[in-house]
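The values are calculated or read from the model by the stated rules, or taken from the named source; none is laboratory data. Here the structure is a predicted model, which means the values were calculated and not measured. Virtual Cβ from ideal backbone geometry, glycine too; neighbours counted across all protein chains shown. Only protein heavy atoms, including side chains, enter the accessible area calculation; ligands, DNA and RNA are left aside. Shrake-Rupley method; radii C 1.70, N 1.55, O 1.52, S 1.80 Å.
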Amino acid sequence: MAVNTEHQVYEQLMQTKLLPLYTATDLNYLSKAEEILVRNDVPLIEVTFRSELAAEAIKRLSESEKLLVGAGTVRTLAEAETAVENGACFVVSPAVVPEVIEYCLERDIPVFPGTATPRDIQLAAEYGIKIVKFFPADIYGGLKAINALSGPFYDMKFLPTGGINEQNFVEYLENPHVLGVGGSFILSEKIIKEDNGKKMDQILKTLVDQIK
């Protein structure tokens, strides 16, 4: 089970550097979320299994074919199977879940296991994984921890989430060990609901402009 590091998801994440974490509680706002991402050249979305609408949201966004759609907060094999059956092309977990990793690798699906300790990272590395989620980044030491962990794990790249926001995300992205950052600060259904996406569109544009 080798990791295909040339997969489109990795290449797009390297280019975009932002991974929007989206929890769908109302499918009526899904098309607006998609529209905002496309307009701002952020063609990825991680739909989290933090709501019962996750599978349907993944299915609708995947069928639209405008975004690379992934599943987040995937903690079980059943959730991974449901996500992929509904069109998810990558999977993100809050921890190292062996059955989820193995399921994804067998199908050439990029998987980003959540790590916070050297043991976590070593477990991921033993599967040939070179990019791991670092979560929750703020609680586990942020950039200081990433720099320290990058000593022994010099061949690893990190995707920090948790405590990343519009004030500190650029500092994270400037770190050579960080591939990209994820979070709901990039895309929020709650903010979209406020004025049908106008404020959210401006927020994302501001974030993207700081990367260019």
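Once you've got the GNM for the chain with C-alpha springs shorter than 10 Å, pick whichever of VAL91, VAL170, VAL47 has the biggest mean-square fluctuation. Of VAL91, VAL170, VAL47, the most mobile in the Gaussian network model is VAL170.
Each of LYS193 and GLU52 was given a label point 7 Å from its Cα along the Cα-to-Cβ line. The distance between the two points is 1.6 nm. For the chain, the carbon plus sulfur part of the accessible surface works out to 48%, probe radius 1.4 Å.
For the chain, the mean residue ellipticity at 222 nm estimated from helices alone is -12000 deg cm²/dmol, where every DSSP H run of n ≥ 4 contributes -39500 (n - 2.57) and the total is divided by all residues, rounded to the nearest 500. May I ask you to derive the FRET efficiency for GLU65 and HIS7 from their Cβ-Cβ distance with R0 = 25 Å, giving the value to the nearest 0.05? For R0 = 25 Å, the calculated efficiency reads 0.90. Excluding ligands, DNA and RNA, the accessible surface per residue across region 1-145 is 44 Å² with a 1.4 Å probe. Counting only other residues whose beta carbon sits under 14 Å from that of GLU99, what net charge do I get with K and R as +1, D and E as -1? Net local charge, GLU99 excluded: -2. Projecting the alpha carbon convex hull of the chain along each direction and taking the average yields 10.4 nm². Over the chain, what is the mean sequence separation of C-alpha contacts under 8 Å (at least six apart), divided by residue count, expressed as relative contact order in percent? Relative contact order here is 22 percent.
Multiplying the residue separation of GLU35 and GLU99 by 0.36 nm and removing their Cα-Cα distance gives an extension gain of 19.6 nm. Projected onto their three principal axes, the Cα atoms of region 16-138 cover extents of 41, 28, 23 Å, largest first. Annotation: amide H-H contacts under 5 Å for PHE112 (H modelled 1.01 Å from N, sequence separation of 5 or more, or interchain): VAL91, VAL92, SER93.
At full extension, ASN165 and ASN147 could sit 4.6 nm farther apart than now, given 0.36 nm per residue minus the alpha carbon distance.
The string of couplings for region 77-90 from the Karplus curve (6.51, -1.76, 1.60, θ = phi - 60°) is 4, 4, 5, 4, 5, 4, 4, 5, 4, 9, x, 4, 10, 7 Hz, one whole number per residue in order, with x for Gly and Pro.
Database remark: amide H of ILE129 closer than 5 angstrom to no amide H (H placed geometrically; neighbours at sequence offset of 5 or more, or on other chains; Pro and chain starts carry no H).
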